[in-house]
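A.B. asks: One structure is given below, represented as structure tokens, and several questions about it will come after.
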Amino acid sequence: MLGVVQAYAFDINPFKKYDGSHELVLNDEATEKSAAMLASLIIHPVHEELTVRSFRLIKERKMPGHKVITDEMIDKTIRGVRWNDDPLNLLPDNPLVWFDNFKNASENSDRITSHYDLFYRSHHHDLQFLHAMASSDAEKAGDTQKAVMMWAEFSYKVASQFIPIHTRFSAMQQFLSPESFRIFKKYFMNEGLRKNWTPAYLFSLKCVRQKIDQNLFTPLDCSETDWLPAKETIQNIALGSLLHVIQDSFSDSHVSRNPEYEGEYSLIHGRSAINTFNAYTKQSWV
Ligand SMILES: [Zn+2]
């Protein structure tokens, strides 16, 4: 449990949602009890708060694009901000399933391969770039950076409509830079897997996998996935996913940045150029 507390020093609170006034409100009563218990232990709504504040700032200052910011857009972007932590959308309908699966992934992290689903790989295997982190201690910082930049390129191009949402992964080559496509292929189409996936499917997945016993779960059931999502929904989820990576890259537990401003990186006080990417598994579970 301690590990979970550390891991989520800078993460989401999936048990809360934003109403039209953008104030935090709890979900329905069914999830409130278990959610409140878990949330108080492990999760803080930093990603959501940062995202809402960013949108608010753009609107208040009438910065470019402020007119397209609507409550609906914010709502879907928040979903995207949660996606990196919950790519199977187990939350908020099944918060305990999320927790059981998360715990199981952490306890079996050394057995996870690229055949495992995105949830298992996001925090505990090779998709830790979704949190601006290295997959392991052995991974070179340059490789982590390339993976982070690949995700930034992919998610930005989906969000901005450059990549149509129904583009098959196998056809992604025509939309990504050669280097990004090489990395995209490595993580998402290894051994011919997921060739027919699309951004629409990736960002719409809605699954459940119940715990039956210690280490025993029902097969992954993704039958609730929305097969015909609105184009804007997918674009905004992709935007949220990009924001998640950027936000994580400013978390001290994920990334070590140079405290001295060098004139060409972030203007955020005490957080300039990136020195090292931390690894989630080592950081939290050893
Ligand atoms: Zn994260």
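A.B. asks: Suppose we filter region 243-271 for residues that are within 12 Å of the ligand (Cβ to nearest atom) and not hydroxyl-bearing (Ser, Thr, Tyr); how many remain? Talk me through it step by step, then tell me what you get.
C.D. replies: First pass over region 243-271, keeping only residues within 12 Å of the ligand (Cβ to nearest atom): 243-251, 253-255.
Retained after the next criterion (residues that are not hydroxyl-bearing (Ser, Thr, Tyr)): 243-248, 250, 254-255.
Number satisfying all stated conditions: 9.
A.B. asks: I would also like to ask the following. With the requirement that a residue be surrounded by fewer than 23 Cβ atoms within 10 Å (Cβ to Cβ) and within 16 Å of the ligand (Cβ to nearest atom), what does region 127-143 give you?
C.D. replies: Quick first cut of region 127-143, residues surrounded by fewer than 23 Cβ atoms within 10 Å (Cβ to Cβ) only: 135-143.
Passing the criteria: only 135.
A.B. asks: Output yes when any residue across region 82-91 is under 25 Å from residue 120 (Cβ atoms), in contact with a helix residue (DSSP H, G or I) (Cβ under 6 Å, 6 or more places away or on another chain), assigned to a helix (DSSP H, G or I) and at pLDDT 90 or above, and no when none is. So that I can check it myself, show each step before the final result.
C.D. replies: To start, the set of residues in region 82-91 that are under 25 Å from residue 120 (Cβ atoms) comprises 82-91.
After this cut, where a residue has to be in contact with a helix residue (DSSP H, G or I) (Cβ under 6 Å, 6 or more places away or on another chain) as well, the list is 83-84, 87-88, 90-91.
Checking which are assigned to a helix (DSSP H, G or I) leaves us with 83.
Now drop any that are not at pLDDT 90 or above, which leaves 83.
Taking every residue of region 82-91 in turn, at least one turns out to be under 25 Å from residue 120 (Cβ atoms), in contact with a helix residue (DSSP H, G or I) (Cβ under 6 Å, 6 or more places away or on another chain), assigned to a helix (DSSP H, G or I) and at pLDDT 90 or above.
A.B. asks: Looking only at residues that are over 23 Å from residue 165 (Cβ atoms) and of a type outside the set (A, V, I, L, M) in region 180-214, which one is surrounded by the most Cβ atoms within 10 Å (Cβ to Cβ)?
C.D. replies: Residue satisfying both the conditions and the ranking: 209.
A.B. asks: Across region 51-96, what is the number of residues that are of a type in the set (A, V, I, L, M, F, W, C) and more than 29 Å from residue 219 (Cβ to Cβ)? If you could, list the steps in order and put the result at the bottom.
C.D. replies: Our first condition is that a residue be of a type in the set (A, V, I, L, M, F, W, C); within region 51-96, this holds for 52, 55, 57-58, 63, 68-69, 73-74, 78, 81, 83, 88, 90-91, 96.
Those left that are additionally more than 29 Å from residue 219 (Cβ to Cβ): 52, 55, 57-58, 63, 68-69, 73-74, 78.
Qualifying residue count for the region: 10.
A.B. asks: Check whether at least one residue in region 219-238 is outside any loop (DSSP other than H, G, I, E, B), within 30 Å of residue 105 (Cα to Cα) and of a type in the set (D, E, K, R), and report yes or no. Spell out how you get there, then give the answer.
C.D. replies: Applying the first criterion (outside any loop (DSSP other than H, G, I, E, B)) to region 219-238 yields 221, 231-238.
The next check asks that each one be within 30 Å of residue 105 (Cα to Cα); those that pass are 221, 233-238.
Filter once more, keeping what is of a type in the set (D, E, K, R): 221.
Yes, the conditions are met somewhere in region 219-238.
A.B. asks: I'd like to check something: does region 189-196 contain any residue that is acidic (Asp, Glu) and within 16 Å of the ligand (Cβ to nearest atom)? Steps first, answer last, please.
C.D. replies: From region 189-196, those acidic (Asp, Glu) are 191; that's our starting set.
Keeping just the survivors that are within 16 Å of the ligand (Cβ to nearest atom) gives none.
So far as region 189-196 goes, no, none of its residues is acidic (Asp, Glu) and within 16 Å of the ligand (Cβ to nearest atom).
A.B. asks: Among the residues of region 220-242, what is the count of those that are away from the ligand (no atom under 16 Å from the Cβ) and under 10 Å from the mean Cα position of the chain (by Cα)?
C.D. replies: Initially, region 220-242 is screened for residues away from the ligand (no atom under 16 Å from the Cβ), giving 220-236.
Then drop every residue that is not under 10 Å from the mean Cα position of the chain (by Cα), which leaves none.
The number of residues fulfilling the criteria is 0.
A.B. asks: Still on this structure: Here are some conditions: (1) part of a loop (DSSP other than H, G, I, E, B); (2) at pLDDT below 95. Residue 62 meets all but one. Which one does it not meet?
C.D. replies: (2)
A.B. asks: Can you pull out every residue in region 261-276 that is aliphatic (A, V, I, L, M) and either surrounded by 12 or more Cβ atoms within 10 Å (Cβ to Cβ) or at positive phi (or both)?
C.D. replies: First, pick out the residues of region 261-276 that are aliphatic (A, V, I, L, M): 267-268, 273-274.
Once the filter is applied, which keeps residues that are aliphatic (A, V, I, L, M) and either surrounded by 12 or more Cβ atoms within 10 Å (Cβ to Cβ) or at positive phi (or both), region 261-276 yields 273, 274.
A.B. asks: Which condition breaks for residue 146 when tested against (1) under 30 Å from residue 230 (Cβ atoms); (2) free of Cβ contacts under 8 Å to residues at least 40 places away in the same chain; (3) away from the ligand (no atom under 16 Å from the Cβ)?
C.D. replies: Condition not satisfied by residue 146: (1).
A.B. asks: If you don't mind, another one. Those residues that are touching a Leu at 6+ places or on another chain (Cβ under 8 Å), surrounded by 21 or more Cβ atoms within 10 Å (Cβ to Cβ) and not small (Gly, Ala, Ser), I need them from region 100-126; list them, please. If you could, list the steps in order and put the result at the bottom.
C.D. replies: Taking region 100-126 first, the residues touching a Leu at 6+ places or on another chain (Cβ under 8 Å) are 101, 114-115, 117-119, 121-122.
If we keep only those that are surrounded by 21 or more Cβ atoms within 10 Å (Cβ to Cβ) as well, we get 101, 119, 121-122.
Within region 100-126, 101, 119, 121 qualify.
The values are calculated or read from the model by the stated rules, or taken from the named source; none is laboratory data. Just so we're clear, the structure is a prediction, and the values are computed from it rather than from any experiment. Neighbour counts are summed over all protein chains in view; Cβ atoms, including those assigned to glycine, are modelled from backbone coordinates with ideal geometry.
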